[in-house]
Structures are given as structure tokens and as C-alpha cells.
Amino acid sequence: MSLTTPSTVRPLPHAEWGRVRQSRRTADKLMRIIAAGFTGLAIFVLFWILGMLIVKGVGGLSVATFTQITPGPGSEGGGLANAIVGSIVLTFLGIVVATPIGVLAGTYLAEYGKGSKLADLIRFINDILLSAPSILIGLFVYVIMVEPLGGYSGWAGGVALGIIAIPVIVRTTEDMLRLVPGPLREAGSALGAPPSVVITSITWRAAKSGMVTGILLALARIAGETAPLIFTALNNNFWFSPSLSGGVSNLPVTIYQFASAPYENWQQLAWAGSLIITMSILVLSLIARRIVRGSK
Amino acid sequence: MTAVTDHMTVPGAAPQRKTPKGTFDIIFRNASFLSALFVLVLLAGIMLSMIMGGWPAFREMGLGFLTSSVWDTQNDQYGAWPAIVGTLSTALLALVIGVPLSLGIAVYLTQLAPPWFKQPVSTAIELLAAVPSIIYGMWGLFVFVPLFAAYVQVPLSNIVEGLPIVGTVLYSRSPSGLGILTAGIILAFMIIPFIASITRDMLDQIPSVLRESAYGIGATTWEVVRHVLVPQAGVSIIGAIMLGLGRALGETMAVTFVVGNANRLSASIMDPGSTIASRIANEFNEAMGLQLNALIALGCILFFVTFVVLVIARILVSRVKAY
């Protein structure tokens, strides 16, 4: 490309050679230092954040954190038990909503829709949804569920998280199914199995670990989501009712509300909650990555 | 095919496995088709709900909604301009800071890092993307903001005070550490993992013959990056940057913590402002009536801006690993 010899080749005087060589080397060295420095800076920030969470959060971890419910304004002590359970319930609900839809849609894109224009469009739209701001998903669920049904509810929160998880699962499912070699499917068809059986008992089985990874990544993605929950599940300081109607306490919104509050025990709980949630998400992501690397 | 197998019963073999009848096949096929269609319905639904929810505000305020900078809940007058400016300026600052960092990281990961070091470093960079937005917000507010106020805003304001242009843009009237630039810096670190990992994948995909031939005629690593890799991957790198821009435009929690949430415009990037997302997150739960519609209308604007940015990004990047 631009490296090809310039049209007018003019040999440099001998004395100039060393200087040109030197300036090229200096530029190269400078670039290497800058690139390594930038990488170091990004890693430094990661460890800075993790270090801060540990320093400020560990002090808030105690048995009470996991057994007592969130304290009301101005009351002493308290824990995060209801928020932790609420978060698990909402995240689980989101995954339950998203998994069948995501897996089936990914299957359609990889197996049935090959080459079709519609599948290309769906794939494209899915990629857009994958990076759409989560606050918009929250607003969407507010408009379709919270407003018509007359109030914040755990169901709305679960649906919002599910909608965020769907594109992640669609994407990984499709990618993983594409890695399954064609002859496997042909062997199944040759035995007389209809496409649905080939997919469910051969292709899915071959891509199982990859599909599980997708679900884990989706779990990691939605576990820390705060913005969509502000408009849907909101929060409260009680145990959630099993009917999931009404606000459901959850870790992210609790952290949001407690972090800048004037009560010391609230702040301490916000830090403890941040530590718990971040560490869980990092562990989930690391497990997912490990599975992907193992299957390749 | 089935016709053949139906008649092929091997004597003495186990009783023929009952293949599911055609109905399961049809149900499965349709279920997967409908699930895929659901993705389209979702996008259309988001679009429609934003337009319908925001409609009363657009109707009431007209085009003035976009250009007005009043946000008066007492008199039900709303204008989106300060939030739009805040959104664009924080996102652009994030790119200005984040893009060079990301490209440096991608070059380091693909060209410079020793092989045994690549994997742990890539994982660490990608983990930056796994840290929840709200944690960036808390780190920003409680750790970064005080340092930024004491070591950057105060000394910088003393230096630039009274100077033309920079004296306006970089001067902080109340050096609290909160503001547009602070949000831009935090956003930069949030978008780095996305831009860096896509750029890394793009650089990895370039055939090594190209690189080797450049090295063969005596190019330095920097010259290979500058003259071979960047022109080759240029378009996709721009796509990756747009993808980062899409992220930065819609980020909510981190920005809400550090942007200062001021409703007025300021010419200084050191002063507090607000973004569309932070405004919605801040006011939504107390909003009623037309204010609620105005907030959803803000969401509508955010939707169209990010949609356009993401469409361009995805066309330029077309199919790389993302999450």
C-alpha cells in the first residue's frame, strides 16, 4: 500500500542514513511505550476499582448482611438479605423469560434461516438490540407493563431483564451452532431424523457448552443492571411477596439509593452490596470464558 | 428419506425407534421462527412505545422541545436542549479520551505483548466491560471525583482563569469534581473494552503475509501498524468507535452519579450538566403527567440517535464477537 516506493526515488546522501534510521527507531520505541502504557493504565483502573470495592466493602460484610433485611431511613443496623434474594429472583426470572426465546431464535438463524433475507435482517436487528441502551428497555417495559397494570412489579423487572438478556443468548446460540460441523447434521438426516430431531438431539447437544456460556454471559449482563429496574421493579425495604406484585427489593437499586444517602449504615451496605454483585459478575464472566476456551 | 427408512426393518434389531411425527417438526420450526420474529417485534415495540409515550410532550411543545433549554416542572415547560448537548459532549469527550487508549491497547495486544501475556491482559481488559455501570458511578463519585477536583480542577482553573476561550471552556466556577468532563472520563474507561476488543479482533484477522512482507522490507513495528494494519482495518475500526459512541450515548448510572445533574447549560466542560439518560434516571420516579411524557420523549430522542449510530456501526463492523 502506502509502503510502496515513492515515484521519485532519490538516494539519500550517506550521512543522512543514520539520522533517518534513528528517527524511525525513536518513533517505533515511542509507540511501543505508549501502547504498553495505555494497556497498563486500563488494567490499573480495573484493579483500582476492584481494590476500592474490597477496601470499602469488606467491612460491611457480616452475618447480618446476609440474614437481615434492608433498614429503613434512619434505623440502625440491617443487612441486604431481601435485596440479595430479590436480585436472584429477578435475574432468574429474566433468564427464564429469555432462554427459550433466545435459544429458539438463535436456532432459527443458524439452522432454518440460512441465506434468507429475513434472517439477515433479524440478525442485524439483534445486534442493534445487543448494544441498545438498557435505560430504553426499562422505559419500554414501563410503557407496556407498569403503566397499564397500574404499578411497579417484580414481573415487570423480570421482563425488562429478560429483554436485555435475549439478544445475548440469540447471538451466542447462533455462533455456537455455526461451529457444529455440517456432516454431523447430515449423518442425522441420513438416519431419517426430521430436522427438529437433528437439531434438538444432535446439533444442540454438540453445541451445549457454548449455549450454556451464552446463558451465563446473559446472566452476568443482567445481574448488575440498575437503570431498567428503576422504572420497573423499583425497590422496597421488605421481603418480596411471592406474587411478585409491587416493588421488589434488589441489589442494584438498593446500592443506587443507599450509596449517596446520609446514613452511615446505608453507605456501608451499599459498598458491601457492590462488592457482592461485582465479584459474582466477574466470577460468572470468568467461568463463561473458561468454558468457551475449553470447547474451542 | 423417511420413505426409505420406514421399510428398512432389520430382523432381530431392537424395535424401531419411534420417530416423532411431523407435528413436532412443524411446531419446532414455527416456534423457532416466531422467536426470531420476536426480536423484530421487540425493536418495533420499543420504537412505538417511545413515540407514543413521548407524543403528548412533542405535541405540547412542538419543535421547541428540541431547542428550548427550559426545564420547569412548576409550569410544565420542558426543553431537551441542555440534555442533548450534555449527552453529545460527554460522549464525544469519552471518544476523545477512550479511542487513543483503546487503539493503543489493541496494538499492544496484537503486536507487542509476549504470547504468554496476551491472554491474561485481554481477559483483564474484557473484565472492565463486566463491571456494572453503577460500580463505575460509585468509583467515580467517591474515589475519582475528589481527586479530580483537588488535583485537576483547582490548579487548572487557577492557570486558565481570564484567558480567552480556554478560560471559559476549562474554568470551573465551583470545583466540586462533578461535571461533563468527569462523566466523559468515566465513560471513556467504560467504552475502552468494547473498542479495544473489536479492534484487536480486526487486527488479528489481517493475513500475516501482509505484515511479514512489510517487516521483510525493513519496516519497524510502528510503520507496520501505521501503514499496513490501520489502512487494512480502518473501516472496521471506525465501526468499533461508533459502537463505543453508541454505548457512551446511552450509559445511565455511571453518568448520573458524576455529571452533576444541572439543568442549565454551561460553556465550561468542568461545570455540572446532565445527559438524556441521567435526566430520565433522576426524575422518572417523581414525574407525573406531562413531565413523564417529556422524559419519555427524551428517551425517544435518545433512541433515534443511538439507533442511527448503532446501525452505522454494525454495517461497518459486520459480525465480530461482541457481548
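The values are calculated or read from the model by the stated rules, or taken from the named source; none is laboratory data. As the structure is a prediction and not an experimental result, all values here were calculated from the model. Every residue, glycine as well, gets a Cβ built from its backbone with ideal geometry; the counts of neighbours run over all protein chains shown. With ligands, DNA and RNA removed, areas are computed over all heavy atoms of the protein, side chains included. Shrake-Rupley method; radii C 1.70, N 1.55, O 1.52, S 1.80 Å.
Annotations
- Evaluation of B:VAL169 against the conditions (1) under 30 Å from A:ALA259 (Cβ atoms); (2) modelled with pLDDT under 85 shows that the sole unmet condition is (1).
- Meets criteria (free of Cβ contacts under 8 Å to residues at least 12 places away in the same chain, more than 14 Å from chain A (Cβ to nearest Cβ) and open to solvent by 30 Å² or more (accessible area, probe 1.4 Å)) for B:VAL152: yes
- Members of the stretch A:201-256 found to be basic (Lys, Arg) and crowded, with 20+ Cβ neighbours inside 10 Å, listed by number: A:ARG221
- Any hit, the stretch B:62-84, residues being farther than 26 Å from B:ALA248 by Cβ and either in a helix (DSSP H, G or I) or aromatic (Phe, Trp, Tyr) (or both): yes
- Check on A:LEU149, open to solvent by 40 Å² or more (accessible area, probe 1.4 Å), out of contact with any helix residue (DSSP H, G or I) (no Cβ under 6 Å at 6 or more places or on another chain) and either facing another protein chain (nearest Cβ under 8 Å) or aromatic (Phe, Trp, Tyr) (or both): no
- Any pair with Cβ under 8 angstrom, 6 or more apart, that starts in the stretch A:229-254 at a residue that is within 14 Å of chain B (Cβ to nearest Cβ) and assigned to a helix (DSSP H, G or I) and ends at one that is hydroxyl-bearing (Ser, Thr, Tyr) and open to solvent by 40 Å² or more (accessible area, probe 1.4 Å): A:ILE230/A:TYR256
- Unmet criterion (only one of (1) free of Cβ contacts under 8 Å to residues at least 60 places away in the same chain; (2) hydrophobic (A, V, I, L, M, F, W, C); (3) open to solvent by less than 60 Å² (accessible area, probe 1.4 Å)) for A:LEU191: (3)
- Tally, over the stretch A:42-90, of residues that are of a type in the set (Val, Ile, Thr), open to solvent by 10 Å² or more (accessible area, probe 1.4 Å) and assigned to a helix (DSSP H, G or I): 10
- Test: residue in the stretch B:271-286 that is in contact with a Ser or Thr (Cβ under 8 Å, 6 or more places away or on another chain), more than 30 Å from A:ILE125 (Cα to Cα), assigned to a loop (DSSP other than H, G, I, E, B) and more than 8 Å from every other protein chain (Cβ to nearest Cβ): yes
- Within the stretch B:161-185, residues that are of a type in the set (Asp, Glu) reach partners that are surrounded by 14 or more Cβ atoms within 10 Å (Cβ to Cβ) and outside any loop (DSSP other than H, G, I, E, B) with beta carbons closer than 7 Å, at six or more positions or on different chains, in the pairs B:GLU161/B:GLY167.
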